[in-house]
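Chemist: Okay, handing you the structure first.
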Amino acid sequence: MNEPKRMNKEDQTTSPVGNVSELRAGRMNTVGVPAEKSKNFLQSAKRLTRLISDESILVILIFLMAVASVALVVSGPRILGHATDIVFQGLLNRDGTDGIDFARLHRTLAFAIGVYTASYVLAYGQAFLLAGVVQRTMFKLRQDIESKIHRLPLSYIDRHSRGDLLSRVTNDVDNISQSLQQSLSQLVTSMLTIFGVLLMMFIVSPILALVALTVIPLTLLTMGQIAQRSRAKFISQWRYTGQLNGLIEEAFTGHAIVKVFGRQQEVEERFTTINNELFETANSAQFMSGSIQPATMFIGNLNYVAIAVIGGLRVASGSMSLGDVQAFIQYSRQFTHPMTQAASMMNVLQSGVASAERVFELLDAEEQITESGVADSAVTQGQIEFDNVSFSYDPQRPLITNLSFIAEPGTTVAIVGPTGAGKTTLVNLVMRFYELNEGRIVLDGRNIAEMPRSELRSKIGMVLQDTWLFNGTIRENIAYGNPDATDEQIRAAAKATFVDRFVHSLPDGYDTILSGDDGAVSAGEKQLLTIARAFLADPAILILDEATSSVDTRTEVLIQKAMGALRQKRTSFVIAHRLSTIQDADIILVMENGAIVETGSHVELLAARGAYDRLYQSQFTAPVIDLV
Amino acid sequence: MLLHLLQEKLRPYRHLLWIVVVFQAVQSLAGLYLPTLNARIIDRGITQGDTNFIWRVGGLMLLTTLVQVLLSIAAIYFGSRASMAFGRDTRSALFHQVNSFSSREVAHFGAPSLITRITNDVQQVQMLVLTTCTLLLAAPFTAIGGLVLALQQDVNLSWIIVIAIPLVMSILGTVVYKMVPTFRVMQVRIDRINEILREQLSGIRVVRAFVREPQEKVRFQQANQDVAQTALRGGRLMSLMFPTATFIVNVSCVAVVWFGSNRIAAGQMKLGPMVAFLTYLAQILMSVMMATFMAAIWPRAAVSAERIQEVLSTTSSVPIPTHPTPITQTRVDLELRNVDFEYPGAASPVLHNISFKVSAGETLAIIGSTGSGKTTLLNLVARLFDATSGAVLIDGVDITEVAPAELWSRIGLVPQKPYLFSGTVSSNLRYGKQDATEQEMWNALTIAQADSFVREMPGALEAVIAQGGTNVSGGQRQRLAIARALIRQPEIYLFDDSFSALDLSTDAKLRAALTPHLKDSVTLIVGQRVSTIRHANQILVLEDGLVVGLGNHEELRQSCPTYEEIVLSQALQEGDDL
């Protein structure tokens, strides 16, 4: 088994679309928004387009329906014009025989209704299908983000504001969805209309068509100028929304502390600062992008005036017929409208792309080292070996250096030492929450770095001090580590870990919903629940991290018993602060400053009169000082 | 709901809105004027070959369009200002309101939903205001202008408009009516997405440890599917709007030609007016389309406004007294008099008939089994909840009569779950005291036995703390939370099982260092180990929310069987002498 030196940064082979440098790490506390980079804008737009075109057949169908619908809509007025001609002819013939040819007129009008109905069906069908494409794409995007979260290294999640990540999934994805839904079909329709009208203009008069054509580069130039500025503002707007979400999330999570420590005013001041920044950028973004439409309309009108004047002069000089000028003016009006519409839709899209950029930024964040190795279904013995392990969170401060020890199957390994000695880090390494800098950890002869993470973790049960339970029933929470568990199994686990007893006193029993911070279940009971959860998961290896601390002594006795039941026939790592609870451990590792300074059983270590003995003496002979 | 919210929050910006209305009116009239000018160029300029006239009217057209663009841009400027200010103010009002809530109201809404309401819901209403200002306000002018001009052409045909417009309106109204419940569900489902993701992020270690990623994915997928489905239903209803509106107006045009031709044949109407009528009908079509655009975003905004109003109209169950009584003493005492507390609708009270009195310099320890109401008791003193009956008195003053800020300035709370905020060690300590000096910080850290590890962290006082304090160990987090309370030098300390994650020697050192600092304060300490609380002046033994014993260690061993039982169980377990 060769074991290459693993450095967290160097071995990264994951990050599918690269551009890791864009990850603005450590942004957490900065109130000011970093200098905006909008060079990714086009990329993001392209990527968004790619995402949508995953449903290429539907997209093509929608496009064709839009083309057909536009063709019908454009031809509608012409048919009506034809109907008018029939009336006009009828008037001319008034003095003659028949007057208006009503049969023909009604046929034409019925045809017009047919055309409008067809265009109605197509337009509705197209929008209906588009809604499906957009929502499915958004579904995929949200799903991608969720899976991404499970591939991110813990350090990324610890470093980033939770509320900001949430904002990307809710606010940003929502914004993309609304932008696409609102603008996409109109954008396509307008573009097609522009094309169609332009074609007609060239047929009527190439020279005036060229005059009209000057509008396009002029419009694009103006739009580009404004868009470039508003784009940066849109990006800021959604960044500030994320920051604000982060602040709100944190303030509400720590709501009680904020109140009791009288920090409401300060929190509100920080809120106001970000809220004002958000207002300013949102205001500029909306103003700038909103100006695109009148600006385009203005250019369109300039063109209209130019055609009226040039056309007028040409008729006056006799080089063009009045009818042609009139038709032309009509077309140029028709031309301006889709132009301004396209412009304003581009503007809506901009905001969406700004959000997309934030979503892609998250999706492109550096991931944990990819899985290597294949799962092995062999029964786990539970032997764990630390072989010359070195690790640090921060390269400047080595934490664990050259640590080696072996935990034999079925034994209990207690880890003691002062806070900050690296006990929890040890657990993080066994769980492979972090990658080693040097050395290897071997489970039953296999390097854990060469095992799929899921395989490794499914062999390990963990009871942490943080009693994290999710919003759901007690039953679901116990079954968390073993979703296929039967009711009997759940109940058995609950009985073995003394959960059953208090669950029975709850009105809803196992269906009691644990939510938020309500007082239905106390801290100690939550702790018991996490033990039951680990019990049901039935792992070969057990990690108990400071798990018996915040409960009353009677519950603690229960927890000790529960833990005892849990530890049977399993390799257990116990991190305990009270030496009394670990005296029967098979090996006790005494850690100081990331290194093991002593190893042995309780009796041996006491006899050695070293660090353990000192710790033991300090705990059991320390004068009990009371708060008087 | 929506109108009420708009009325209230837009009031300060009504002058801006008036400007927008006037500018949009003039702007749309200018838009209507252009074709008239053009007609003049054709009628007089071209037909009479008057080049000067063409140039002159051309210039006038240029001027008109210039005025139009300037007014439009100005209207957008003021419109976006008003709507974004509306958003800002509403967010601010919501945040302020939630800050005034007690823990009960926060739990009632749930943090994820409150977060959605402040950002996402406000965004929906804000968009409605913006669209109204930039698009919709021009619509009535265009529509009315078009209508007047159309009526001038032929009153008899106007029945078509009289039918068409209400028809469009009622169809749009029906769709909107159907969309509202859809979007009501939609916002709740966005809450759910927020909730699941927030849970995953905060419990990421457990999720990974139990290899629950596949199941979490499924759980999220379910919520995601729900959102997507609802959004799809909304989107599909929405896609009905534009084509339907367009269709009705187009059919009206056909009707105009149909019936118009009859009138022409009968000699009641001329061809010119009919063509003009059609043109103006097209104008009306445009404004109907704008109204449709608004109708499309209205339902979601209406639902969001409901949700916003719901928060704004909820008052805190911990009301602020209108005429607060000041506390004059610097050494206060604390008394609970017949205090009851129960959650609304709960079968039995969490606390029942609790009475005790603690003077400055004294310590009251609270012991009792898990779930006996200890934390609730501390929360009542900190006024995170109000007692259902009975009173908490500081210095003889009922705390409901005291300004909350004053009350809290006297309290140092160390909660069971020591929540730290993202920032630095010093920013967290400044939570306790905003203007704390570095010396004060080190003093507090020293007493809390946190100085040595803080000194070793990169940056020491400026070392980064992740949200919730996830980058330090449980014991370190607890000591930082203790230091945060100590730095306040409060008159009342509330330690809620605050030493649980400490090893015994650190615990002992901390208590030794702490004792001199408590001599002027009332100290309430929830404890689990008899050994650490036996010398408290009073020990309150709680069981199922009832006081089963109150006295000192020796007294209780004699008089309180529950206490004696705890003592014995611990003696057995710890193996030391008590």
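The values are calculated or read from the model by the stated rules, or taken from the named source; none is laboratory data. Only a predicted model underlies this, so the values are computations on that prediction, with no experimental measurement involved. Backbone-built Cβ (ideal geometry, glycine too); neighbour counts: all protein chains shown.
Chemist: Can you tell which of B:158, B:170, B:202 is of a type in the set (Ser, Thr, Tyr) and under 30 Å from residue A:454 (Cβ atoms)?
Modeler: None of the others qualify; the one that does is B:202.
Chemist: Could you go through the range B:114-132 and let me know if any residue there is more than 8 Å from every other protein chain (Cβ to nearest Cβ) and more than 30 Å from residue B:289 (Cα to Cα).
Modeler: Taking every residue of the range B:114-132 in turn, none turns out to be more than 8 Å from every other protein chain (Cβ to nearest Cβ) and more than 30 Å from residue B:289 (Cα to Cα).
Chemist: Now a separate question. Of the residues A:260, A:309, which is within 30 Å of residue B:57 (Cβ to Cβ) and at the interface with another protein chain (Cβ under 7 Å from one of its Cβ atoms)?
Modeler: Going through A:260, A:309 in turn, the sole match is A:309.
Chemist: While we're here: Just one of B:305, B:296 is within 35 Å of the chain's Cα centre (by Cα), crowded, with 21+ Cβ neighbours inside 10 Å, in contact (Cβ under 8 Å) with a residue 60 or more places away in the chain and assigned by TED's automatic domain parsing to the domain that holds residue B:8; which is it?
Modeler: Selected residue: B:305, the only one of B:305, B:296 that is within 35 Å of the chain's Cα centre (by Cα), crowded, with 21+ Cβ neighbours inside 10 Å, in contact (Cβ under 8 Å) with a residue 60 or more places away in the chain and assigned by TED's automatic domain parsing to the domain that holds residue B:8.
Chemist: Evaluate the range B:25-42: report whether one residue or more is small (Gly, Ala, Ser), crowded, with 16+ Cβ neighbours inside 10 Å and over 55 Å from the mean Cα position of the chain (by Cα).
Modeler: no
Chemist: When you scan the range B:188-208, do you find a residue that is assigned to a helix (DSSP H, G or I) and more than 10 Å from chain A (Cβ to nearest Cβ), even just one?
Modeler: Looking through the range B:188-208, at least one residue is assigned to a helix (DSSP H, G or I) and more than 10 Å from chain A (Cβ to nearest Cβ).
Chemist: Take the range B:335-371 and flag every residue that is away from chain A (no Cβ under 14 Å) and in contact with a helix residue (DSSP H, G or I) (Cβ under 7 Å, 6 or more places away or on another chain).
Modeler: The answer is B:339, B:354.
Every residue, every condition in (1) at pLDDT below 85; (2) out of contact with any Gly (no Cβ under 8 Å at 6 or more places or on another chain); (3) among the charged types (D, E, K, R), yes or no:
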{"residue": "B:513", "(1), (2), (3)": "no, yes, no"}
{"residue": "B:523", "(1), (2), (3)": "no, yes, no"}
{"residue": "B:538", "(1), (2), (3)": "no, no, no"}
{"residue": "B:544", "(1), (2), (3)": "yes, no, yes"}
{"residue": "B:551", "(1), (2), (3)": "no, yes, no"}
{"residue": "B:563", "(1), (2), (3)": "yes, no, no"}
{"residue": "B:566", "(1), (2), (3)": "yes, yes, no"}
{"residue": "B:573", "(1), (2), (3)": "yes, yes, no"}
{"residue": "B:576", "(1), (2), (3)": "yes, yes, yes"}
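Chemist: Checking residue B:406 against (1) surrounded by 19 or more Cβ atoms within 10 Å (Cβ to Cβ); (2) closer than 21 Å to residue A:267 by Cβ; (3) out of contact with any Leu (no Cβ under 6 Å at 6 or more places or on another chain); (4) not hydrophobic (A, V, I, L, M, F, W, C): exactly one of these is not met. Which one?
Modeler: Here residue B:406 meets the rest and fails (1).
Chemist: Same structure again: If you go through the range B:512-519 one residue at a time, do you hit one that is more than 15 Å from residue B:419 (Cβ to Cβ) and assigned to a loop (DSSP other than H, G, I, E, B)?
Modeler: yes
Chemist: Which residue pairs have Cβ atoms closer than 8 Å, lie 6 or more positions apart in sequence or on different chains, and pair a first residue in the range A:228-241 that is more than 14 Å from chain B (Cβ to nearest Cβ) and within 13 Å of residue A:357 (Cβ to Cβ) with a second residue that is part of a helix (DSSP H, G or I) and acidic (Asp, Glu)?
Modeler: Close Cβ pairs satisfying both conditions: A:235/A:357.
Chemist: A further question on this structure: Would it be correct to say that residue A:158 is in a helix (DSSP H, G or I), at the interface with chain B (Cβ under 9 Å from one of its Cβ atoms) and without any contact (Cβ under 8 Å) to a residue 60 or more places away in the chain?
Modeler: yes
Chemist: For the range B:430-463, name all the residues that are within 16 Å of residue B:502 (Cβ to Cβ) and within 13 Å of another protein chain (Cβ to nearest Cβ).
Modeler: B:447, B:448, B:449, B:450, B:451, B:452, B:453, B:454 - these are the residues of the range B:430-463 that are within 16 Å of residue B:502 (Cβ to Cβ) and within 13 Å of another protein chain (Cβ to nearest Cβ).
Chemist: Still on this structure, I have one more. Could you grab me the full set of residues in the range A:117-155 that are at the interface with chain B (Cβ under 7 Å from one of its Cβ atoms) and within 19 Å of residue B:212 (Cα to Cα)?
Modeler: Answer for the range A:117-155, where residues must be at the interface with chain B (Cβ under 7 Å from one of its Cβ atoms) and within 19 Å of residue B:212 (Cα to Cα): A:142, A:143, A:146, A:147, A:149, A:150, A:154.
Chemist: In addition: Mind counting the residues in the range B:94-110 that are within 18 Å of residue B:343 (Cβ to Cβ) and either touching a residue at least 40 places away in the same chain (Cβ under 8 Å) or more than 7 Å from chain A (Cβ to nearest Cβ) (or both)?
Modeler: 8
Chemist: May I ask you to list the residues in the range A:469-500 that are in contact (Cβ under 8 Å) with a residue 60 or more places away in the chain and within 20 Å of residue B:199 (Cβ to Cβ)?
Modeler: A:469
Chemist: Follow-up. Checking the structure you have, find out if any residue of the range A:349-357 is in contact (Cβ under 8 Å) with a residue 40 or more places away in the chain, in a loop (DSSP other than H, G, I, E, B) and either of a type outside the set (Val, Ile, Thr) or within 24 Å of residue A:48 (Cα to Cα) (or both).
Modeler: Checking the range A:349-357: not a single residue is in contact (Cβ under 8 Å) with a residue 40 or more places away in the chain, in a loop (DSSP other than H, G, I, E, B) and either of a type outside the set (Val, Ile, Thr) or within 24 Å of residue A:48 (Cα to Cα) (or both).
Chemist: Checking the conditions here, which among B:374, B:417 is modelled with pLDDT under 85, of a type outside the set (Ser, Thr, Tyr) and surrounded by 23 or more Cβ atoms within 10 Å (Cβ to Cβ)?
Modeler: That would be B:374, the only listed residue that is modelled with pLDDT under 85, of a type outside the set (Ser, Thr, Tyr) and surrounded by 23 or more Cβ atoms within 10 Å (Cβ to Cβ).
Chemist: Is it true that residue B:30 is touching a residue at least 40 places away in the same chain (Cβ under 8 Å), in contact with a Ser or Thr (Cβ under 9 Å, 6 or more places away or on another chain), farther than 30 Å from residue A:279 by Cβ and facing chain A (nearest Cβ under 10 Å)?
Modeler: yes
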